[in-house]
Structures are given as C-alpha cells and as structure tokens.
1. Here's a check for you: in region C:1-35, which residue that is over 30 Å from C:Lys80 (Cα atoms) and without any contact (Cβ under 8 Å) to a residue 24 or more places away in the chain is farthest from the chain's Cα centre (by Cα)?
2. Report the residue count in region C:111-128 for those that are within 15 Å of B:Ser93 (Cβ to Cβ) and aliphatic (A, V, I, L, M).
3. Look at region B:93-109 and say how many of its residues are within 8 Å of chain C (Cβ to nearest Cβ), touching a helix residue (DSSP H, G or I) at 6+ places or on another chain (Cβ under 9 Å), under 25 Å from A:Ala102 (Cα atoms) and assigned to a strand (DSSP E or B).
4. Test of understanding: among C:Phe61, C:Phe56, which residue is within 17 Å of the chain's Cα centre (by Cα) and crowded, with 20+ Cβ neighbours inside 10 Å?
5. Of the conditions (1) touching a residue at least 40 places away in the same chain (Cβ under 8 Å); (2) in contact with a Pro (Cβ under 7 Å, 6 or more places away or on another chain); (3) surrounded by fewer than 23 Cβ atoms within 10 Å (Cβ to Cβ); (4) not β-branched (Val, Ile, Thr), C:Tyr38 fails just one. Which one is it?
Amino acid sequence: MEILKFRTTEGEQAVGITKILEKIVAQSKISEGILVVYCPHTTAAIAINEGTDETFVLDLFSFLEAQTSKIPLTHPSNPKAHLKAAVIGNSKSIPISDGKLALGTWESVFLLDFDGPKERKVHVQIMDKS
Amino acid sequence: MEILKFRTTEGEQAVGITKILEKIVAQSKISEGILVVYCPHTTAAIAINEGTDETFVLDLFSFLEAQTSKIPLTHPSNPKAHLKAAVIGNSKSIPISDGKLALGTWESVFLLDFDGPKERKVHVQIMDKS
Amino acid sequence: MEILKFRTTEGEQAVGITKILEKIVAQSKISEGILVVYCPHTTAAIAINEGTDETFVLDLFSFLEAQTSKIPLTHPSNPKAHLKAAVIGNSKSIPISDGKLALGTWESVFLLDFDGPKERKVHVQIMDKS
C-alpha cells in the first residue's frame, strides 16, 4: 500500500491527486484491476468530479457549508467538517484497464480537506485482476 | 473491464442495471470476489437502493433537487447535477459470493443520470478472490 | 464472504463494527489487500468516521433527519430512511496493509440503521493482493 502525504494550507482545500494515482498505476505494470483510494481522516474525504476549473470545488464547498449550518451540532471539534466528510465519503474504488486508471474524460480525483490546514494522508491500494 | 452503454432520454433518469451486472457475474464463473461498478461521468452516479417501484427514485430526485436549489452556484454547465453526483457517488463495490452478486432482497443497482438526455457509460470490473 | 448479523433495538442506531472487521482481517492472515464492507439493506448504511464518543453519530442522525424532513416524499415505508441510506452509501472499501485494516487513528466503522429495530446483516469480503 502506498501512503501519500500532503500539507494543506487553507481551512477548506481540494488537492488534486489524479496525476499521482495515474503514476502509481503506470509504475505497477498492472493491466487490469482496481485502485482503492482511501482517506484515513474524519474531517477529510475523497471526491471524483470535474477538475477543469475550480467551479465544481467552490460549489461543493459552498453547498456543504450551507447544508451543515442549519441545525445545532454537538461534536466539540469542527462538527460541520465531520458531516461533510461523511456525506462525500472517504473511500472510492476505480477500475484499472489497459494499464490505465479508467477515469472519464472530465473526471479528476480530489482529497478534500474540510478542517485544514493540516498534515493529511491518502492510502492507495492497487489490486491486480490476473 | 466491461463497458456498458446507455442512451438516456430524460433530464433526470434512473436506469436499472442489476440484471446486466448479474449476467456479467454469471458469465465470469467467479465464485467469490467483488464487482466494482463505476460511472465515468461528472453529472451521473451509481446508487443501490429499492427498485420494487419508482417511489424511491422519485423521492431521491426530488430530495436532491430541493437540496441543491437553495444557494447560488458557479459551475457554467448544470451545477446542480455535479453536486447531486458528488453526494451519491460514482463508485460502488459489491461482494460476489456463491457465484452471485450478494445484493439484499430489496436492492437494485441504478445508473442515475442528472443531466440527460445523454450517451452514458458504466465501467464494470470483476475481481476474483481465489 | 462473511455475513455478520445484528439485532438493532432503536429507531435509529449506530452499531460499531470496527473490532469485528479487525478480527476478520487478523484471522485471514492476509498481509496486503482490501476489505469490502457492504450493507444489503435499503434503509441502513455503512459510515466510517469518529467513534471516540457519540457526538458524531448524534450529529449525523440530527443532520440527516433535518435534511430529509423538508419536502413531501412518496415511498410508502419510511421514505426518509431510504434517502438517508442513499446519501451515506452502503459500500466501503478499506485497504489492508501489514496484516491490519489501514484505518486512521480516529476512524471507526459503523452500521447505521435508519429504520430499526430490525435484524440487520453486513456482508464482508476480503481480497488478497498477493
């Protein structure tokens, strides 16, 4: 398993990790299989969506902030960040085919930090089909 | 990896894909393993829930529309569809056991198109445990 | 595939299953791989987040109840529970590394029942990398 490490610098931040994942797949020499990308934090998540410009990420942060700001919460440390992470989820599995990550044309993979700035890790496990 | 292709005909549409996935598992002759079902689009998602009648799907579309209609968004092309896809997620892993997809009694697998009508693909990767 | 069985006793309840999953991994003797934890019910889900005390779980139940209470729904049997399950999701994949489930320091795995009390199952499939 590979452990990626990042230092986020803002309160909420999306870190694009598509190219790192594609490099891991290329180096693995696996032709067919899956890649599991997993975030081991309770206030961060993994999202897969458009990364052409920043509008998706900005919309997502605005949306989740509005959603989680409407009721009283009890968690002592950034309760909204925990709910945002739970809604988006911390684990995604992506097929590998023909030696490449089988992402769509417009898809990027993001580590989303909802409680930065912090040291963050991402766990990456690749499974070979053959 | 199998690539399924669909043409949706409505603005929002749920396409039931359970039987196609069950057929792929049967043809694979895999007894124990997992199936990864992955949607490579930024305005569509994969959901697993009740498919006995249309009420769940109608409720889900109403719910997500109401959720995403409350704040101004910036994405130039159907920003609500991107958020709906991010909340539901585009990747699900389902166990295979005794040669069958280990779904629950009431579960169906859906491709959810939030920005139709469009040509849509679903990537399916099966992994053998043995 | 292992099938875990639980009887929930409340209308909404979080059942911590981290220790059971860790035991399954230890007994499997698998060093590197993944564990897929899958809930085969349409009104229950799998979440991974903080389990140190009950505040995250209480916040999540309050949040999802508020979210799903704002519009009329049509499903004849607990429509809110189906939406809550769809938002959180019923399938998570967790890497296994060095013979252990590669969870973060603060992470716990929960079966979330949104429509209890009921008999509930969780499907667990482990895949070996080697």
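Rule-based calculations on the coordinates, nothing more; no lab input. Keep in mind it's a predicted model, so treat the numbers as computed, not measured. Every residue, glycine as well, gets a Cβ built from its backbone with ideal geometry; the counts of neighbours run over all protein chains shown.
1. Once the filter is applied, the top-ranked residue is C:Gln27.
2. Going through region C:111-128 one residue at a time, the tally reaches 4.
3. Counting residues in region B:93-109 that are within 8 Å of chain C (Cβ to nearest Cβ), touching a helix residue (DSSP H, G or I) at 6+ places or on another chain (Cβ under 9 Å), under 25 Å from A:Ala102 (Cα atoms) and assigned to a strand (DSSP E or B) gives 2.
4. Within the list C:Phe61, C:Phe56, the selection yields C:Phe56.
5. Here C:Tyr38 clears every test but (3).
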